[in-house]
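One structure is given below, encoded as structure tokens.
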Amino acid sequence: MGFCLVYDPAAREIYTLNPAAWLVFELCRGRTRGDAEAEYLSTFDEREQRARAVTEFADSLERLFRLGLVVEQPAGKEQERGETR
């Protein structure tokens, strides 16, 4: 798969995400930033891959924040799809 589409009904926009950004988007549901990152990194075995994955996760999460597809929530607030703490 080369890309994924995400529709934001509030903005009435369709966004194209690469597979890494899509996985980060999915992992943000109901997880803290640290938990989402740990889960993302656990999908990589080799040391070199994991080092690249740290940057990939941060870049993907930053893009999702910029697009408004993921928002940070205060600890203790119930999480909805695409939200992270």
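Protection proxy ranking for 56-66, 39-49, 19-29, using the average of other Cβ atoms within 10 Å per residue and placing the highest first: 19-29, 56-66, 39-49.
For the stretch 4-84, what D do you get in µm² per second when you plug the Kirkwood radius from alpha-carbon pairs into Stokes-Einstein at 10 °C and 1.306 mPa s?
Working: Rh = 13.0 Å.
It comes out at roughly 122 µm²/s.
The relative contact order of the chain, computed from alpha carbon pairs under 8 Å that lie at least 6 residues apart in sequence, is 31 percent. For the stretch 1-28 versus the stretch 43-58, the inter-centroid distance based on Cα atoms is 20 Å. Put a plus charge on the Cβ of each Lys and Arg, a minus charge on the Cβ of each Asp and Glu, and nothing anywhere else: the dipole of the stretch 1-58 about its Cα centre is then about 120 debye. Mean residue ellipticity at 222 nm from the helices of the chain, using -39,500 (n - 2.57) per DSSP H segment of n ≥ 4 over the full residue count, to the nearest 500 deg cm²/dmol? The helix-only estimate for the chain comes to -14500 deg cm²/dmol at 222 nm. Lys/Arg Cβ at +1, Asp/Glu Cβ at -1, dipole of the chain taken about the Cα centre: which of 7, 43, 54 is farthest positive-ward? Among 7, 43, 54, the one farthest towards the positive end of the dipole of the chain is 7.
Bear in mind that the values in this text are calculations on the coordinates, not laboratory data. Because the structure is predicted, anything quoted here is derived from the model rather than measured. For neighbour counting, all protein chains shown are included, and Cβ atoms are generated from backbone atoms with ideal geometry for every residue, glycine included.
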